[in-house]
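Mind looking over this structure? Questions follow.
The values are calculated or read from the model by the stated rules, or taken from the named source; none is laboratory data. Note that this is a predicted model, so its numbers are computed, not measured. These area figures cover heavy atoms from the full protein model, side chains too; ligands, DNA and RNA do not enter into them. Shrake-Rupley method; radii C 1.70, N 1.55, O 1.52, S 1.80 Å.
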Amino acid sequence: MNDWHSWAAIAVFVGAYALIITEKIHRVAAALGGAALMLAIGATDDKSAFYSEHSGVDWNVIFLLMGMMMIVGVLKKTGMFEYLAIWAVKRARAKPFRVMVMLIVITAVASALLDNVTTVLLIAPVTFLVCERLALPVAPFLIAEVFASNIGGTATLVGDPPNIIIASRAGLTFNDFLVHLAPLSAVLVVVLVALCRFLFRKSFVYDEDRAEEVMALEEREAIKNPRLLVQGLIVLGLVVIGFVLHPVLHYEPSVVALLGAGLLIGMSTVETGEVLGEVEWPTLAFFAGLFIMIGGLIETGVIGEISTALADAIGDSELGGSMLLLGASAVLSGIVDNIPYVATMAPITSDLVESMGGSGTHVMWWALAIGADLGGNATAIGASANVVVLGIAERNRQPISFWQFTKYGLVVTAVTVAISAGYVWLRYFALA
């Protein structure tokens, strides 16, 4: 990392990151400006930026988001989200904290079965409606749901994109993730509920008049287009099946999402232009810029140097290595998106596992997955779900700032990673 390209790439990334954090300019402008500078200084080129599997724009993420945004755009027109909002509030007796707990649990479970990005795309519209009905600030609920989505997504192979990368590299199955990470995820959801009760305590203001109004509503009256709702739910069900059967069908989630969006638009009477208008284009542009900037760090060897230094620090101690890998992954995944981080770290982890005799417990892989998935909660750009929710909030004219998210994210990440370190030590070393 002695050539000027490496230092220039670091300067560009740090500068763009500083602009995103301080919000001196819009985060999309900062990301795209940083990407343009990476290309201008030669830290990456067009082939690496747009066609490389490991250091360019992750088109699977971009098109997965686009496809699911289109499906959600069609479902919005059915009244389904209004129905779910009224149903959830009535089941929680319109008590704000109970509503948050319900949304956290639903988000965590759905993130394990689908993936965390798809889940927040579906649950965010419900959240806006719930908070509007009860005159509650929406930001605490959205932030709590992001935390729940990243924690719930840790539980399964399909729950968070980094898990798919790890499973492919390590030869792990859906059941492996379920057995090793689902118990931890369930405990952390309970911990998250307790943390949210403390972190957002000032937001749980009960408005008796609003509560009575909502309790008097009949949720079935919210459905505007039953036929379109049935069509949308059928397509969404097929998309979910496609996600789950990925190991058998070998269709990438992005392909499944786009096929589902195309099928739904084709079989319904909704105008294509209306559906495309529901896509969060600024969010997709932000991801593209972020991927190119991180690709520049990969191409110039910066991330490789960091990963190698981590590997050298680990040595041949499996316990120390697991703890260091978990902690370092949590920190680094909060700074850069956890997808490119895991893509870079996976081959190094594979070498570490081989040097330690190919540990049958796969503890190093679990440490990497836990650290990357939970570390995504640390900052507003740590995971895909975070960026998506911030984009939705801005589109609905209730923006969430980088620091508004991150001041809570750092607390949740510190607590959940500490508990996870105890879990790894207890399960794979103390009781082994």
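Setting aside same-chain residues fewer than 8 positions from Lys224, which aspartates and glutamates have a Cα under 16 Å from its Cα?
The qualifying aspartates and glutamates are Glu82.
Determine the relative contact order of the range 49-151: mean sequence separation of Cα pairs under 8 Å and six or more apart, normalised by residue count, in whole percent.
Reported relative contact order: 28 percent.
When the helices in the chain are scored as -39500 (n - 2.57) per DSSP H run of 4 or longer and the sum is shared across all residues, what 222 nm value do you end up with, to the nearest 500 deg cm²/dmol?
-24500 deg cm²/dmol
Provide the per-residue ³J(HN,Hα) series for the range 335-352, in order, calculated from phi with Karplus coefficients 6.51, -1.76, 1.60 and θ = phi - 60°, each as a whole number of Hz, with x at glycine and proline positions.
8, 10, 4, 5, 5, x, 4, 5, 4, 6, 7, 4, x, 5, 4, 4, 5, 4
How far is helix 302-314 tilted off the main Cα axis of the chain, in degrees rounded to 10, range 0 to 90?
70 degrees
Here's something else I'd like to know. For helix 384-395, what angle does its Cα long axis make with the longest principal axis of the chain, in degrees from 0 to 90 and rounded to 10?
That helix lies at roughly 40 degrees to the long axis.
Given a 1.4 Å probe and the protein chains all in place, what does the accessible area of Trp7 round to, in Å² to the nearest 10?
150 Å²
Further question: Measure up Lys24/Lys77; Lys76/Lys202; Lys24/Lys407 against 24 Å on the Cα-Cα distance and list the ones that go over.
Among Lys24/Lys77; Lys76/Lys202; Lys24/Lys407, the Cα-Cα distance tops 24 Å for Lys24/Lys77; Lys76/Lys202.
Normalised by the residues of the range 274-428, what does the relative contact order come to in percent, with Cα pairs under 8 Å and at least six apart?
That works out to 25 percent.
OK, next. Quick one: Karplus J couplings for the range 283-296, per residue in order, coefficients 6.51, -1.76, 1.60, θ = phi - 60°, nearest Hz, x for Gly and Pro?
Per residue, the Karplus-derived 3J(HN,Hα) values read 5, 5, 5, 4, 4, 4, x, 5, 4, 5, 4, 5, x, x Hz.
Give the ranking of Leu431, Leu19, Leu238 by solvent-accessible surface, highest area first, calculated with a 1.4 Å probe.
Leu431, Leu238, Leu19
Quick check: from the Cα gyration tensor, does the range 242-375 come out rounded (a/c under 1.5), prolate or oblate?
Prolate, since a/c reaches 1.5 and a/b exceeds b/c.
Just the accessible area for Leu332, please: 1.4 Å probe, Å², rounded to the nearest 10?
Per-residue accessible area (Leu332): approximately 50 Å².
How high is the relative contact order of the chain? Use alpha-carbon pairs under 8 Å, at least six apart in sequence, and give a whole percent.
25 percent
Heavy atoms only, probe 1.4 angstrom, no DNA, RNA or ligands counted: give me Arg395, Arg91, Arg227, Arg427 ranked by accessible area, highest first.
The most accessible residue leads, giving Arg227, Arg91, Arg395, Arg427.
For the range 123-192 and the range 244-286, compute the distance between their C-alpha centroids and round to whole Å.
First find each Cα centre; the distance between them is then 21 Å.
What is the range 1-100 by shape, rounded, prolate or oblate, if you read a ≥ b ≥ c off the alpha carbon gyration tensor as root eigenvalues and call it rounded for a/c under 1.5, prolate for a/b larger than b/c, and oblate otherwise?
Prolate, because a/c is 1.5 or more and a/b exceeds b/c.
Please list Asp207, Asp160, Asp312 in order of solvent-accessible area, largest first, computed with a 1.4 Å probe with all protein chains present.
These residues rank, largest area first, as Asp312, Asp207, Asp160.
Next question, about the same structure. Would you mind classifying the range 113-260 by shape? Square roots of the alpha carbon gyration tensor eigenvalues, ordered a ≥ b ≥ c; an a/c under 1.5 is rounded, otherwise it is prolate if a/b is larger than b/c and oblate if not.
It comes out oblate by the Cα gyration axes.
Something else: Kirkwood hydrodynamic radius, computed over distinct alpha-carbon pairs, for the chain: how many Å, to one decimal?
Evaluated on the chain, it is 22.1 Å.
Same structure again: Could you run the Karplus curve 6.51 cos²θ - 1.76 cosθ + 1.60 with θ = phi - 60° over the range 4-18 and give me ³J(HN,Hα) per residue in whole Hz, x for Gly and Pro?
For the range 4-18, the Karplus curve yields 5, 4, 5, 5, 5, 5, 4, 4, 5, 5, 4, x, 5, 5, 4 Hz.
So how much accessible area does Met267 have, in Å² to the nearest 10, using a 1.4 Å probe?
Estimated to the nearest 10 Å², Met267 gives 80 Å².
On a C-alpha basis, how far is the centre of the range 1-56 from the centre of the range 70-121 in Å? Whole number, if you could?
Spelled out, the Cα-based centre of one part sits 36 Å from the other.
Something else: Using Cα atoms only, what is the angle between the long axis of helix 402-425 and the major principal axis of the chain, expressed in degrees (0 to 90) to the nearest 10?
Helix 402-425 sits at roughly 60 degrees to that axis.
Reachable aspartates and glutamates from Lys95, Cα under 15 Å, same-chain residues fewer than 8 places away excluded?
Filter leaves Glu132, Asp207, Glu208, Asp209, Glu212, Glu213.
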